[in-house]
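Participant: Take this structure first; my questions come after.
The values are calculated or read from the model by the stated rules, or taken from the named source; none is laboratory data. In this text, all values refer to a predicted model and were calculated from it rather than measured experimentally. Here the Cβ positions follow ideal geometry from the backbone for every residue, glycine too, while neighbour counts run over all protein chains shown. Protein only, heavy atoms only, side chains kept; ligands, DNA and RNA dropped before computing areas. Shrake-Rupley method; radii C 1.70, N 1.55, O 1.52, S 1.80 Å.
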Amino acid sequence: MATTSLANTKSKSVIWDWLTTVDHKKIAILYLVAGTLYFVQAGLMALLMRIQLMYPENTFMTGQTFNELLTMHGTVMLFFVATPLLFAFMNYMIPLQIGARDVAFPFINSLGFWIFFFGALLTNMSWFFGGGPDAGWTAYVPLAGRDYAGLGLDFYVLGLQVAGIGTLLSGINFLVTIINMRAPGMTMMRLPLFVWTSFISSMLILFAFTPLAAGLALLMLDRIFGAQFFIPGMGGNTVLWQHIFWIFGHPEVYILVLPAFGIISEVLPAFSRKRLFGYTAMVFATIVIAFLGFMVWAHHMFTVGMGPIANAIFAVATMTIAVPTGIKVFNWLFTMWGGKLTFNTSMLFASTFVPTFVLGGVTGVMLAMGPVDYLYHDTYFVVAHFHYIIVGGIVFALFAGLFYWYPKMFGHKLNEKLGIFMYILFAIGFHLTFFIQHFLGLMGMPRRVYTYLDGQGLNAFNYISTIGVFFMSAAVIVLVINVVYSAYKGERVTVADPWDARTLEWATPTPVPEYNFAQTPQVRSLDPLFYEKIHGDGKMKPAEPIAPIHMPNGSIIPFIMSIGLFILGFGFVMMNMENAIVSPYIVIGLGAVVTFGSMIARSVKEDHGYYIPVEEIKEKEVS
């Protein structure tokens, strides 16, 4: 039998509570903290690289160090910053926006986070064992093969393999949650756009991370066990890695940018005081983007020599994907058109996102033309393009979402004056850094180089680009100050809906109780909370009588299982270590025992959760 809440409320330490939690809201905050720490790490690496490129023939660092920073900056930003920060909002908001009390699989939710966290940790262990991976974040072979890349690449391969398992688990969990856990009346065509984009992104994770896992497994077999998948002299094929990587790599852009689109589609209606223009078109545009996203991977390979027919096919497919993206842009503009706009920090980031992302998209269409790509491909033009998508798109959206949802997540608002100051610093710094790089690319500056000669006309633009990074770094420092200041002095939020918003998360009390909704809400329209404000009494109608609420128990098993995978991965890396203190087979065996032992423990242990009694629910709702 499941226990009652009173039996579950034994005292436990704060650390133990966070290590064992399966509450989707706490896991969201864990993702937020982890992603922020890695954001600082990746930002510092970018700053160091730009200092090296600030002057011609600079000797601030060696080429080897630059290559390691370049590789880890891209790897950390894409896998360990953008993904967890988006997962933070997805974890927190999806159950609230669909009227659910939790995600479908709370245990797997916790497991997904801890596996991701220890995978990221394993990748970063490379710094303590001779230096980071140095073959670029795409790890192209043969440069990433055992003859050229050192031990750092083994940490890259095994770390991403472990972290990817966590991401896959989370993607499956989100899919099942959105399909099965919706409140009565919440049809698919009433889902908030953020939930829709998260749903499509989770489908992409399912289909894109599996080829990455396969590719990393083949690369591991090549590097550690002497296989020959990517060694031409032994009958392998180096271009095969590029196909495998980009079949993952291009959908990965949409895995990240679609939830960012969703955030923008929540913030703009809220602060335009209008419903989202063209909701149905936005949904179908999202689906079309996901479908086409798997058909354009080889536009990263125009210079490989696939031939004119293949290049033409992928060029046309790449240009086609601009159509559904353009639909979204016009819908955002029409949402703001004629609205009663409130330009707070969240809205500033969201509205700036639109033209910034358009500029990144325009340069993407330029790069989609095969013959033109031959000129641009290995220049800073490409660096500028994808940073306009990744930073100008995803990071701007993340900041918009942070300022928008912060009161619901933490019970107080971030300071608006500090927020606007941070926005100004970040926006100026971003465009100073990356807009200039388009011209550096057109002037012929190759990417992935750690120095350049004087007298080539590149000095001034490189200097300006580096100054921009200092502006962005200052903006992040202001954000940290804002978070700390607001925690003590910020405006406390006790009302459910401080923004007069439209969606269901703003119908829950602030702070959100562990069970989210005392009674499952009845959804009667798109924008259900706004509908009740107009046609009801401003509160959601319950779909059920108040009754004891079943909740899952916390578990330490996800944490232990993730440590087991970490040890297992480290053991495989040790197979390429010289003079290892312990036999790698012992470490692999230990990791396997911990991992599979945790699985068995989870299988045999009956855990029925606990119930929160009606009296306790009523007491919390009244207070």
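Participant: Out of all the residues in segment 188-214, which are surrounded by fewer than 17 Cβ atoms within 10 Å (Cβ to Cβ) and farther than 27 Å from ILE244 by Cα?
Facilitator: Result: MET188, MET189.
Participant: What are the residue pairs meeting all of these: first residue in segment 498-527, first residue modelled with pLDDT under 95, second residue among the aromatic types (Phe, Trp, Tyr) and not in a loop (DSSP other than H, G, I, E, B), Cβ atoms under 6 Å, and 6 or more apart or on different chains?
Facilitator: ARG502/PHE530; ARG524/TYR531; SER525/TYR531
Participant: Just a yes or no: is a residue in segment 382-392 over 21 Å from SER265 (Cα atoms), aromatic (Phe, Trp, Tyr), in contact with a Pro (Cβ under 9 Å, 6 or more places away or on another chain) and open to solvent by 10 Å² or more (accessible area, probe 1.4 Å)?
Facilitator: No, every residue in segment 382-392 fails to be over 21 Å from SER265 (Cα atoms), aromatic (Phe, Trp, Tyr), in contact with a Pro (Cβ under 9 Å, 6 or more places away or on another chain) and open to solvent by 10 Å² or more (accessible area, probe 1.4 Å).
Participant: Condition first: at pLDDT 95 or above and more than 11 Å from PHE434 (Cβ to Cβ). Now tell me which residues in segment 380-393 satisfy that.
Facilitator: Passing the criteria: only VAL382.
Participant: Follow-up. Can you tell me which residue among LEU218, LEU256 is touching a Leu at 6+ places or on another chain (Cβ under 7 Å) and either in contact (Cβ under 8 Å) with a residue 60 or more places away in the chain or open to solvent by 10 Å² or more (accessible area, probe 1.4 Å) (or both)?
Facilitator: The match here is LEU256.
Participant: Within segment 225-248, track down each residue that is among the aliphatic types (A, V, I, L, M) and either touching a helix residue (DSSP H, G or I) at 6+ places or on another chain (Cβ under 6 Å) or buried (at least 20 other Cβ atoms within 10 Å of the Cβ) (or both).
Facilitator: Matches in segment 225-248: ALA227, ILE244, ILE247.
Participant: Please count how many residues of segment 48-60 are closer than 20 Å to ALA475 by Cα and either open to solvent by 30 Å² or more (accessible area, probe 1.4 Å) or among the acidic types (Asp, Glu) (or both).
Facilitator: 2
Participant: Determine the pairs where a residue that is aromatic (Phe, Trp, Tyr), located within segment 41-67, has a partner that is crowded, with 17+ Cβ neighbours inside 10 Å and not in a helix (DSSP H, G or I) with Cβ atoms under 7 Å apart, the partner being 6 or more residues away or on another chain.
Facilitator: PHE66/TYR450
Participant: Residue by residue through segment 266-305, note down the ones that are under 18 Å from HIS250 (Cβ atoms) and open to solvent by 10 Å² or more (accessible area, probe 1.4 Å).
Facilitator: Passing the criteria: ILE287, VAL288, ALA290, PHE291, LEU292, PHE294, MET295, TRP297, HIS299, HIS300, THR303, VAL304.
Participant: Where in segment 522-623 are the helices (runs of 4 or more DSSP H), entirely inside, with at least 3 residues that are of a type in the set (A, V, I, L, M)? Can you show your working first?
Facilitator: Values: elements: 528-535, 557-574, 584-604, 614-622.
Per the criteria, 557-574, 584-604, 614-622.
Participant: Open to solvent by 60 Å² or more (accessible area, probe 1.4 Å) and in contact (Cβ under 8 Å) with a residue 40 or more places away in the chain, is that true of LEU425?
Facilitator: Working: open to solvent by 60 Å² or more (accessible area, probe 1.4 Å): no; in contact (Cβ under 8 Å) with a residue 40 or more places away in the chain: yes.
No, not satisfied.
Participant: Here is a further query. Please go through segment 440-479 and give me each residue that is aromatic (Phe, Trp, Tyr), open to solvent by 40 Å² or more (accessible area, probe 1.4 Å) and out of contact with any helix residue (DSSP H, G or I) (no Cβ under 6 Å at 6 or more places or on another chain), ordered by number.
Facilitator: If the condition is that a residue be aromatic (Phe, Trp, Tyr), open to solvent by 40 Å² or more (accessible area, probe 1.4 Å) and out of contact with any helix residue (DSSP H, G or I) (no Cβ under 6 Å at 6 or more places or on another chain), then TYR463, PHE470 are the ones that fit.
Residues are listed down the side, and each one gets a yes or a no for (1) over 14 Å from the mean Cα position of the chain (by Cα); (2) at pLDDT below 95; (3) more than 24 Å from ARG223 (Cβ to Cβ):
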| position | (1), (2), (3) |
| --- | --- |
| THR59 | yes, yes, yes |
| GLU68 | yes, no, no |
| MET72 | yes, no, no |
| THR75 | no, no, no |
| LEU86 | no, no, yes |
| PHE107 | yes, no, yes |
| ASP134 | yes, yes, no |
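Participant: Same structure, new question: Kindly check whether there is at least one residue in segment 189-199 that is within 24 Å of the chain's Cα centre (by Cα), outside any helix (DSSP H, G or I) and at pLDDT 95 or above.
Facilitator: Yes, segment 189-199 has at least one match.
Participant: Filter segment 61-93 for residues that are out of contact with any helix residue (DSSP H, G or I) (no Cβ under 9 Å at 6 or more places or on another chain) and either buried (at least 24 other Cβ atoms within 10 Å of the Cβ) or assigned to a helix (DSSP H, G or I) (or both) and give the result.
Facilitator: GLY63, GLN64, ASN67
Participant: Identify, by number, the condition in (1) closer than 30 Å to ARG101 by Cα; (2) modelled with pLDDT of 95 or more; (3) of a type outside the set (A, V, I, L, M, F, W, C) that GLY429 doesn't meet.
Facilitator: Failing condition for GLY429: (1).
Participant: With the condition kept exactly as written, say whether any residue in segment 353-376 is farther than 19 Å from LEU78 by Cα, crowded, with 24+ Cβ neighbours inside 10 Å and modelled with pLDDT of 95 or more.
Facilitator: No, the conditions are met nowhere in segment 353-376.
Participant: Further question on the same structure: If you scan segment 529-545, which residues turn out to be without any contact (Cβ under 8 Å) to a residue 24 or more places away in the chain, loosely packed, with under 13 Cβ neighbours inside 10 Å and charged (D, E, K, R)?
Facilitator: Result: ASP537, single match.
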